[in-house]
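Below is one structure; the comments refer to it alone.
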Amino acid sequence: PLVWESIRYLVDTIATEVGWLGLVDIDADGNYLVTEIFVPKQTVSGVETDITPEALVDLAVDLESKGISSEKLIYWGHSHVNMGVSPSMQDEVQVEEFLDNGCQFFIRGIYNKHGSSKVDVYDTAENCVHQCVRNGLQPTVLDDLLKTRLDNLIKTNVKKPVIRAFPKTKLGTTHKPVVTNTVPN
């Protein structure tokens, strides 16, 4: 959640394009999880962001000095401000440069202020690109204990009224139904 909120903050706050890089873990199900992002030094405009090779090296050296493998730095994201999220020719050239560094997987994400995104996963081992993959917050799965607790609360506390037919009086039928008891929803 912190990474997702950080990405949205960068995109929504900065009036120009901006780029960032991220560390990626692969979970037991084979899903990619961006665990942390970094905003290196860069030159930006309304239609371009330029992160120099020196800035990338500085980031990798800083990570390694902290005991973090720079090989996990396989995510590049950037803003297209208010434009669409289709990759530009420069985006295609840039991802090729990242792929030339020999990583087996690489992820590119393009975002805009309208909430649109396009995330592609490049698999060099299989020589393929998975385009427009689902991205955003990873949903939390409810464990069985919490499901049981919630089911018990529903059974105990959530009821629908039982409405019986209109009762008859000496003068005829009333216009108000009588609620006699409740049953579970």
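The values are calculated or read from the model by the stated rules, or taken from the named source; none is laboratory data. Source: prediction; values computed, not measured. In this analysis, Cβ positions are derived from the backbone assuming ideal geometry, glycine residues included, and neighbour counts consider all displayed protein chains. Ligands, DNA and RNA are stripped out before the accessible areas are found, and what is left, the full protein with its side chains, is counted by its heavy atoms. Shrake-Rupley method; radii C 1.70, N 1.55, O 1.52, S 1.80 Å.
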**Item:** Coordinate range along principal axes, alpha carbons of the range 1-153, Å, largest first
**Value:** 57, 34, 32
**Fill in**
Amide H proximity to GLN42 below 5 Å, modelled H, separation 5+ or other chain, gives none
**Message:** Along the Cα→Cβ direction, 7 angstrom out, place labels at CYS103 and ARG8. What is the inter-label distance in nm?
**Reply:** 2.4
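Please check the chain for the longest run free of trypsin sites (Lys or Arg not before Pro) that are loop-located per DSSP (anything but H, G, I, E, B) and have at most 15 other Cβ atoms within 10 Å.
With a cap of 15 other Cβ atoms within 10 Å, the longest stretch comes to 67-133.
Over the chain, average the accessible area per residue using a 1.4 Å probe and give it in Å², no decimals.
Values: 12290 Å² over 185 residues.
On a per-residue basis, the chain sits at 66 Å².
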**Inter-site label distance for ASP58 and SER45 at 7 Å from Cα along Cβ, in nm** = 2.2
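Within the accessible area of the chain, what % is carbon and sulfur when the probe is 1.4 Å and the other protein chains stay in place?
Working: 6870 of 12290 Å².
Exposed carbon and sulfur together represent 56 percent of the surface.
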**Prompt:** Can you work out ³J(HN,Hα) from phi for every residue in the range 113-118, in order, using Karplus 6.51 cos²θ - 1.76 cosθ + 1.60 and θ = phi - 60°, giving whole Hz and x for Gly and Pro?
**Reply:** 5, 7, x, 7, 8, 9
**Prompt:** Ranked highest first by the average count of other Cβ atoms within 10 Å around their residues, in what order do 119-126, 23-30 fall?
**Reply:** 119-126, 23-30
**Request:** Would you calculate, for the chain, the mean residue ellipticity at 222 nm contributed by helices, counting each DSSP H stretch of 4 or more residues as -39,500 (n - 2.57) and dividing by all residues, to the nearest 500?
**Result:** -8500 deg cm²/dmol
**Message:** Please list the three semi-axes, largest first and in whole Å, of the ellipsoid equivalent to the range 1-59, using sqrt of 5 times the eigenvalues of its alpha carbon gyration tensor.
**Reply:** 23, 16, 8
